[in-house]
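The following block contains the structure, expressed as structure tokens.
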Amino acid sequence: MRKAFDQLVVIEGMDLEIAAGEFVAILGPSGCGKSTLLRMIARLAEPTVGHISIQPEERFQTAFVFQDAHLLPWRTVLDNAALPLELMGVAREARYSAARAALEQVSLFEAEDRYPAQLSGGMKMRVSLARALVTQPRLLLLDEPFAALDEITRFRLDTQLRELWQTRGITVIFVTHSISEATFLANRAVVLQKRGGGIKLDRRLDLPVDRNDELRVDPRLAREMRALLSAMEEE
Amino acid sequence: MRRLRSAIPALIPLVVVTAAAELAVRYGLVKSYLVPAPSSVLRAMIESRVELLGALLTTSTSALVGFLLSTVAGIAIAVFLSSSRAIQRAFYPYAVFFQTVPIIAIAPLLVIWFGYGMRTVVASAFVVSIFPVIANTLSGILSTEPALRDLFRLYGASTPVTLWKLRFPAALPQILTGLRVASGLAVIGAIVGEFIGGQGLGSVVDVARTQQRVDKVFAAVLLASVLGLALFGLINLVSYVTLRRWHQSEQA
Amino acid sequence: MNRRHFVLAGSAALLAACGKSPGKIRLALNWKPDPQFGGFYAAPYQSHGLDVEILPGGAGTPTIQMVGAGSAEFGVVSADELVIARSQGNDVVALFAVFQNNPQGIMVHASRKLNSLGDLLKSGGTVALQRGLPYARLLEKQFGFEKVKIVPSPGGDISAFLADKNFAQQCFIMSEPLTAKHQGADVQVFPVSETGYNPYTTVLTTSGDFLRKNPDRAKAMVAAVREGWRAYLDDPKPTDQRMNQLNPSMAPEVFAEVAEAQKPFIETDEARRNGLGSMTKERWEALIAQLKGLGDIQKAPAAEECYRAL
């Protein structure tokens with residue numbers, strides 16, 4: 001599969017297969033095309049050559065969490081979380097109860113009447129997550145969602161995301177810069193080459209299913225990180 | 001109470017200038033037939049208050065109607081222009097025409113089309129004030145964040161839905177900026193239209209000028225400024241009410 | 001106080017002098033160059049030792065304020081304007097009255113078969129005039145405006161007049177009607193002087209200040225202007241060409257017709273007797289009385305201070 005913007009080839013020669021229920025982290029240096037890849041999977045962009053296929057294909061099965069929370073500032077937290085269902089034509093009561101459930105999942109149910117301007121960065125990102133989950137998606141795509149947050153919040157959200165994945169059984173593709181985050185969260189890590197050169201490393205991570213904060217200082221995590229680090233470092 | 005206190009710094013220059021002007025005219029430093037003493041302007045205002053009030057009402061109505069028309073038409077045109085690059089390239093230059101045409105030159109044409117009366121004045125206010133609405137609305141609609149547009153696409157939102165639920169609310173701060181500019185221009189356009197079409201404050205200024213009543217000219221001009229300020233304040237109020245909970249321009 | 005006045009006057013004079021070369025005389029016209037200013041353009045200023053710059057005007061040019069403020073040494077105004085200005089403390093003085101009789105009038109479509117201004121004001125339709133001018137206020141006082149729709153005068157633009165048979169318009173008798181006739185309209189004109197209101201028009205004016213400080217140059221100016229008008233009355237063509245270039249909005253044939261039609265207003269019996277541009281105290285006194293009666297002035301200025309014979 002290949003993707004080019006005018007003259008700029010962003011992805012070249014990529015072949016990737018992801019099974020249902022996997023938690024895949026995609027790593028790579030800046031400009032390697034990981035955001036573009038994610039957008040193509042979400043069908044927000046088309047590959048120039050090749051194709052992306054999702055089996056079985058269903059409408060509205062994909063959710064996307066962006067780097068910034070990107071909430072609509074003129075809507076309350078509840079209305080923001082409910083937005084996807086609103087766009088899909090779901091009735092008011094139904095979508096509000098789904099939104100409340102989603103907000104509860106990310107521990108935000110008390111804030112439903114507040115406006116984004118009144119929220120901290122971490123809270124906004126949680127609303128964004130709730131918004132992604134409100135449609136019960138089968139596929140969850142995240143593009144460096146926690147990059148702008150402080151470390152403690154990041155750790156907390158990482159844990160929360162991992163739990164959500166475990167309880168719901170969705171497929172997660174998580175793009176990140178951070179090797180430690182990738183290894184903490186994922187079952188499988190894909191490292192992309194610089195400047196759209198394709199896949200450098202595709203590694204199954206040998207780590208326990210249940211992940212908690214203690215894992216962060218576990219030597220097993222360090223071992224996996226070393227493997228990914230060397231893949232990213234070598235030219 | 002705090003709001004009143006915060007208005008004081010703005011009032012000080014006004015008081016100083018008014019006092020200085022009054023003294024300057026009284027002591028002959030400035031000729032009274034060039035710059036009227038503020039006291040004589042006040043006197044003219046009181047003397048001609050019935051005429052001035054009626055004129056103010058007329059001009060206010062014309063300016064307001066013209067402004068509302070340019071708000072509605074301006075936003076509609078901007079929405080139309082935002083629908084495609086090709087349409088923008090084809091039609092936007094003509095919108096710019098509204099900005100550049102000197103109203104003094106086309107006002108006589110307006111009289112021929114709309115006759116002597118309020119219709120010409122409204123048309124004049126409309127022509128002068130519509131462009132900032134178009135330009136600012138278009139800019140606001142086009143500068144919606146791509147990520148948010150992606151979000152709407154992801155959930156299958158059609159173009160009209162995206163326009164109504166995303167691009168328009170997102171553009172609201174900029175639309176209001178355009179309206180702020182347009183409000184003052186609508187008053188100017190109305191006054192110019194009245195020079196040519198005859199009625200309202202513009203007519204008072206014109207007639208007083210030929211009578212060499214500078215004090216009355218200033219009185220009418222002052223009222224026109226008050227009108228402009230009032231319209232501006234109205235937009236600010238609308239902005240406060242609609243934006244206060246979510247836009248940084250109305251917060252803190 | 002005196003010293004401060006002196007310093008301020010000095011700096012004001014300095015400021016007034018700035019922006020023009022020393023000794024240059026600016027003559028501000030109150031309309032675009034056309035036959036009513038012919039003599040000013042024909043005048044032999046240089047042979048009288050004067051360096052004169054003519055500043056054409058247009059709608060609303062404030063010539064009387066310009067002369068009062070010193071941004072022009074001479075200006076063209078109408079006599080009633082001058083009286084009102086003097087009553088407000090603007091020290092301006094008339095020197096030469098081009099039009100001995102007021103050429104202002106109101107033109108109507110002949111098809112309406114009207115007989116007088118009074119007729120017009122009782123017949124309905126639209127009348128375009130400058131409502132603030134004393135003659136208009138006199139008409140309102142004499143006949144009332146209830147039956148007609150008063151709209152602002154469109155200046156020299158006759159398109160509204162041509163488009164509507166019931167449209168009447170303020171004009172100079174020898175100007176707009178001729179232009180209208182050329183466009184095919186059948187025009188009838190009622191002179192304002194019918195009402196007895198007859199101020200001198202297109203009057204060369206200067207400030208009292210300039211007159212006191214430069215009596216010789218003022219005299220030279222009047223002499224040059226007088227010669228210019230004599231020359232223009234005798235042969236308007238070369239000057240018309242010059243003015244037409246500056247003001248192409250009037251066709252050359254119309255220029256010539258207007259120059260001819262305005263002669264009786266300029267060279268009256270009195271002008272032949274006392275000289276072109278001359279003025280009498282009686283005319284000024286009559287005008288001042290009329291303006292007082294209209295309420296356009298509070299304090300009546302003295303007639304002999306309004307003009308000077310140089």
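The values are calculated or read from the model by the stated rules, or taken from the named source; none is laboratory data. Note that the structure is predicted; figures quoted are calculated from it, not measured. All Cβ positions, glycine included, derive from the backbone under ideal geometry; neighbour counts span all protein chains shown.
So, B:G54, is that one surrounded by fewer than 17 Cβ atoms within 10 Å (Cβ to Cβ), out of contact with any Asp or Glu (no Cβ under 7 Å at 6 or more places or on another chain), within 29 Å of C:S207 (Cα to Cα) and not hydroxyl-bearing (S, T, Y) or not? Explain how you work it out, then say what you get.
Numbers: surrounded by fewer than 17 Cβ atoms within 10 Å (Cβ to Cβ): yes; out of contact with any Asp or Glu (no Cβ under 7 Å at 6 or more places or on another chain): yes; within 29 Å of C:S207 (Cα to Cα): no; not hydroxyl-bearing (S, T, Y): yes.
The answer is no for B:G54.
With the requirement that a residue be in a helix (DSSP H, G or I), over 17 Å from the mean Cα position of the chain (by Cα) and surrounded by 15 or more Cβ atoms within 10 Å (Cβ to Cβ), what does region C:272-287 give you? Write out each step before concluding.
Step one: filter region C:272-287 for residues in a helix (DSSP H, G or I), giving C:272-274, C:281-287.
From what's left, over 17 Å from the mean Cα position of the chain (by Cα): C:272-274, C:281-282, C:285-286.
Correct list: C:E285, C:A286.
Another question, if that's okay. Please work out if C:G60 is free of Cβ contacts under 8 Å to residues at least 40 places away in the same chain, farther than 19 Å from C:F167 by Cα and under 16 Å from the mean Cα position of the chain (by Cα).
Working: free of Cβ contacts under 8 Å to residues at least 40 places away in the same chain: yes; farther than 19 Å from C:F167 by Cα: yes; under 16 Å from the mean Cα position of the chain (by Cα): yes.
Criteria met by C:G60.
Name the residues in region A:57-73 that are assigned to a loop (DSSP other than H, G, I, E, B) and in contact (Cβ under 8 Å) with a residue 24 or more places away in the chain, would you? Show your work before the answer.
To start, the set of residues in region A:57-73 that are assigned to a loop (DSSP other than H, G, I, E, B) comprises A:57-61, A:66-73.
Answer for region A:57-73, where residues must be assigned to a loop (DSSP other than H, G, I, E, B) and in contact (Cβ under 8 Å) with a residue 24 or more places away in the chain: A:E58, A:F60, A:Q61, A:F66, A:Q67, A:D68, A:A69, A:H70, A:L71, A:L72, A:P73.
Of the residues that make up region C:220-240, is at least one among the aliphatic types (A, V, I, L, M), more than 26 Å from C:N101 (Cβ to Cβ), in the same structural domain as C:N30 (by TED's automatic domain parsing) and surrounded by 18 or more Cβ atoms within 10 Å (Cβ to Cβ)? Before you say what the answer is, go through the steps one by one.
At the first step, the residues of region C:220-240 found to be among the aliphatic types (A, V, I, L, M) are C:220-225, C:231, C:233.
Restricting the remaining residues to those that are more than 26 Å from C:N101 (Cβ to Cβ) gives C:220.
Then keep just the ones that are in the same structural domain as C:N30 (by TED's automatic domain parsing); that gives C:220.
Pick out the ones that are also surrounded by 18 or more Cβ atoms within 10 Å (Cβ to Cβ) and you get C:220.
Yes, there is a match, as at least one residue in region C:220-240 is among the aliphatic types (A, V, I, L, M), more than 26 Å from C:N101 (Cβ to Cβ), in the same structural domain as C:N30 (by TED's automatic domain parsing) and surrounded by 18 or more Cβ atoms within 10 Å (Cβ to Cβ).
So B:A208 ticks every box in (1) within 8 Å of chain C (Cβ to nearest Cβ); (2) of a type in the set (G, A, S); (3) under 21 Å from B:V65 (Cα atoms) but one. Which box is left unticked?
Exception for B:A208: condition (3).
Could you list, in sequence order, all residues of region B:178-198 that are closer than 25 Å to B:T144 by Cβ and either among the hydrophobic types (A, V, I, L, M, F, W, C) or touching a Pro at 6+ places or on another chain (Cβ under 8 Å) (or both)?
The answer is B:G178, B:L179, B:V181, B:A182.
Then there's this: Step by step: first the residues of region A:44-66, then only those that are surrounded by fewer than 21 Cβ atoms within 10 Å (Cβ to Cβ) and at the interface with another protein chain (Cβ under 8 Å from one of its Cβ atoms), then the one that is nearest to A:V175 (Cα to Cα). Which residue is that? Give the derivation first.
Of the residues in region A:44-66, the ones surrounded by fewer than 21 Cβ atoms within 10 Å (Cβ to Cβ) are A:44-61.
Going one step further and asking which of them are at the interface with another protein chain (Cβ under 8 Å from one of its Cβ atoms), we end up with A:44, A:59-60.
Values: A:L44: 16, A:R59: 23, A:F60: 21 Å.
The residue in question is A:L44.
Another one. Just to check your reading of the model, which residue among B:A170, B:A190 is of a type in the set (G, A, S) and buried (at least 22 other Cβ atoms within 10 Å of the Cβ)? Steps first, answer last, please.
Numbers: B:A170 fails: buried (at least 22 other Cβ atoms within 10 Å of the Cβ).
Only one candidate passes the filter, namely B:A190.
Taking the condition of being out of contact with any Phe, Trp or Tyr (no Cβ under 8 Å at 6 or more places or on another chain), closer than 22 Å to A:E151 by Cβ and away from chain B (no Cβ under 13 Å), how many residues in region A:106-126 meet it? Before the answer, list the steps.
First pass over region A:106-126, keeping only residues out of contact with any Phe, Trp or Tyr (no Cβ under 8 Å at 6 or more places or on another chain): A:106-114, A:118-124, A:126.
So of that shortlist, the ones also closer than 22 Å to A:E151 by Cβ come out as A:106-108, A:119-124, A:126.
Applying the additional criterion that residues be away from chain B (no Cβ under 13 Å) yields A:106-108, A:120-123, A:126.
Residues that pass the stated criteria total 8.
Right, another one. What is the number of the single condition among (1) of a type in the set (S, T, Y); (2) within 14 Å of chain C (Cβ to nearest Cβ); (3) surrounded by 24 or more Cβ atoms within 10 Å (Cβ to Cβ) that B:S183 does not meet?
Of the numbered conditions (1) of a type in the set (S, T, Y); (2) within 14 Å of chain C (Cβ to nearest Cβ); (3) surrounded by 24 or more Cβ atoms within 10 Å (Cβ to Cβ), the odd one out for B:S183 is (2).
Quick test for you: out of B:G198, B:G228, B:G233, B:G193, pick the one residue that is closer than 26 Å to B:I75 by Cα and within 14 Å of chain C (Cβ to nearest Cβ). Give the steps one after another, and end with the answer.
On the way: B:G198 fails: closer than 26 Å to B:I75 by Cα; B:G228 fails: within 14 Å of chain C (Cβ to nearest Cβ); B:G233 fails: within 14 Å of chain C (Cβ to nearest Cβ).
Unique residue meeting the criteria: B:G193.
If you check B:A21, B:A63, B:A55, which single one turns out to be within 14 Å of another protein chain (Cβ to nearest Cβ) and in a helix (DSSP H, G or I)?
Values: B:A21 fails: within 14 Å of another protein chain (Cβ to nearest Cβ); B:A63 fails: within 14 Å of another protein chain (Cβ to nearest Cβ).
Of B:A21, B:A63, B:A55, the one residue that is within 14 Å of another protein chain (Cβ to nearest Cβ) and in a helix (DSSP H, G or I) is B:A55.
Continuing with this model, one more query. Note down all Cβ pairs under 9 Å where the first residue falls in region C:248-267 and is at pLDDT below 90, the second is hydroxyl-bearing (S, T, Y) and part of a loop (DSSP other than H, G, I, E, B), and they're at least six residues apart or on different chains.
Hits for this filter: C:M250/C:S175; C:V254/C:S175.
Quick check, is B:A44 surrounded by 15 or more Cβ atoms within 10 Å (Cβ to Cβ) and either free of Cβ contacts under 8 Å to residues at least 12 places away in the same chain or within 14 Å of chain C (Cβ to nearest Cβ) (or both)? Break it down into steps so the answer makes sense when it comes.
Numbers: surrounded by 15 or more Cβ atoms within 10 Å (Cβ to Cβ): yes; either free of Cβ contacts under 8 Å to residues at least 12 places away in the same chain or within 14 Å of chain C (Cβ to nearest Cβ) (or both): yes.
Yes: the conditions hold for B:A44.
Have a look at B:R89, B:R26 and point out the one that is free of Cβ contacts under 8 Å to residues at least 12 places away in the same chain and under 30 Å from B:V133 (Cβ atoms).
Values: B:R26 fails: under 30 Å from B:V133 (Cβ atoms).
Selected residue: B:R89, the only one of B:R89, B:R26 that is free of Cβ contacts under 8 Å to residues at least 12 places away in the same chain and under 30 Å from B:V133 (Cβ atoms).
Would you be able to say whether some residue in region B:30-39 is charged (D, E, K, R), in contact with a helix residue (DSSP H, G or I) (Cβ under 8 Å, 6 or more places away or on another chain) and touching a residue at least 40 places away in the same chain (Cβ under 8 Å)? Show your work before the answer.
So in region B:30-39, the residues charged (D, E, K, R) come out as B:31.
If we keep only those that are in contact with a helix residue (DSSP H, G or I) (Cβ under 8 Å, 6 or more places away or on another chain) too, we end up with B:31.
Checking which are touching a residue at least 40 places away in the same chain (Cβ under 8 Å) leaves us with none.
So far as region B:30-39 goes, no, none of its residues is charged (D, E, K, R), in contact with a helix residue (DSSP H, G or I) (Cβ under 8 Å, 6 or more places away or on another chain) and touching a residue at least 40 places away in the same chain (Cβ under 8 Å).
Out of region C:166-212, which residues are in contact (Cβ under 8 Å) with a residue 60 or more places away in the chain, part of a helix (DSSP H, G or I) and under 30 Å from C:G89 (Cβ atoms)?
Residues satisfying the conditions are C:V192, C:S193, C:T195, C:G208, C:D209, C:F210, C:L211.
Could you look through region A:170-219, keep only residues that are basic (K, R) and out of contact with any Pro (no Cβ under 8 Å at 6 or more places or on another chain), and pick out the one that is farthest from A:G21 (Cα to Cα)? Steps first, answer last, please.
Quick first cut of region A:170-219, residues basic (K, R) only: A:188, A:194-195, A:200, A:203-204, A:211, A:216.
Narrowing the set further to residues that are out of contact with any Pro (no Cβ under 8 Å at 6 or more places or on another chain) leaves A:188, A:195, A:200, A:203-204, A:211, A:216.
On the way: A:R188: 11, A:R195: 29, A:K200: 23, A:R203: 16, A:R204: 14, A:R211: 16, A:R216: 23 Å.
The selected residue is A:R195.
Matching residues to (1) outside the structural domain of A:Q160 (by TED's automatic domain parsing); (2) among the aliphatic types (A, V, I, L, M):
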{"site": "A:S53", "(1), (2)": "no, no"}
{"site": "A:V65", "(1), (2)": "yes, yes"}
{"site": "A:V77", "(1), (2)": "yes, yes"}
{"site": "A:P84", "(1), (2)": "yes, no"}
{"site": "A:A94", "(1), (2)": "yes, yes"}
{"site": "A:A101", "(1), (2)": "yes, yes"}
{"site": "A:A111", "(1), (2)": "yes, yes"}
{"site": "A:Y115", "(1), (2)": "yes, no"}
{"site": "A:G121", "(1), (2)": "yes, no"}
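Can you go through A:R114, A:R126 and tell me which one is out of contact with any Pro (no Cβ under 9 Å at 6 or more places or on another chain), over 19 Å from A:P29 (Cα atoms), part of a helix (DSSP H, G or I) and basic (K, R)? Break it down into steps so the answer makes sense when it comes.
Details: A:R114 fails: part of a helix (DSSP H, G or I).
That would be A:R126, the only listed residue that is out of contact with any Pro (no Cβ under 9 Å at 6 or more places or on another chain), over 19 Å from A:P29 (Cα atoms), part of a helix (DSSP H, G or I) and basic (K, R).
Residues are listed down the side, and each one gets a yes or a no for (1) in the same structural domain as C:Y41 (by TED's automatic domain parsing); (2) at pLDDT below 90; (3) in a strand (DSSP E or B):
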| position | (1), (2), (3) |
| --- | --- |
| C:S71 | yes, no, no |
| C:E81 | yes, no, no |
| C:A85 | yes, no, no |
| C:S111 | no, no, no |
| C:L114 | no, no, no |
| C:G124 | no, yes, no |
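Go over the candidates A:L103, A:L37, A:L71 one by one and state the one that is surrounded by 23 or more Cβ atoms within 10 Å (Cβ to Cβ), within 14 Å of chain B (Cβ to nearest Cβ) and within 21 Å of the chain's Cα centre (by Cα). Let's see the steps before the verdict.
On the way: A:L103 fails: within 14 Å of chain B (Cβ to nearest Cβ); A:L37 fails: within 14 Å of chain B (Cβ to nearest Cβ).
So the residue among A:L103, A:L37, A:L71 that is surrounded by 23 or more Cβ atoms within 10 Å (Cβ to Cβ), within 14 Å of chain B (Cβ to nearest Cβ) and within 21 Å of the chain's Cα centre (by Cα) is A:L71.
C:G68 - would you say it is free of Cβ contacts under 8 Å to residues at least 24 places away in the same chain, within 14 Å of chain B (Cβ to nearest Cβ) and not aromatic (F, W, Y)?
Values: free of Cβ contacts under 8 Å to residues at least 24 places away in the same chain: no; within 14 Å of chain B (Cβ to nearest Cβ): yes; not aromatic (F, W, Y): yes.
The answer is no for C:G68.
Among A:A4, A:A82, which is the only one that is buried (at least 18 other Cβ atoms within 10 Å of the Cβ) and either modelled with pLDDT of 80 or more or of a type outside the set (V, I, T) (or both)?
Details: A:A4 fails: buried (at least 18 other Cβ atoms within 10 Å of the Cβ).
Being buried (at least 18 other Cβ atoms within 10 Å of the Cβ) and either modelled with pLDDT of 80 or more or of a type outside the set (V, I, T) (or both) holds for just one of A:A4, A:A82, which is A:A82.
Follow-up question, since we're still on this one. Based on this model, can you work out whether C:F190 counts as surrounded by 23 or more Cβ atoms within 10 Å (Cβ to Cβ) and either closer than 15 Å to B:G115 by Cβ or in the same structural domain as C:T126 (by TED's automatic domain parsing) (or both)?
On the way: surrounded by 23 or more Cβ atoms within 10 Å (Cβ to Cβ): no; either closer than 15 Å to B:G115 by Cβ or in the same structural domain as C:T126 (by TED's automatic domain parsing) (or both): yes.
Judged against the criteria, C:F190 is not a match.
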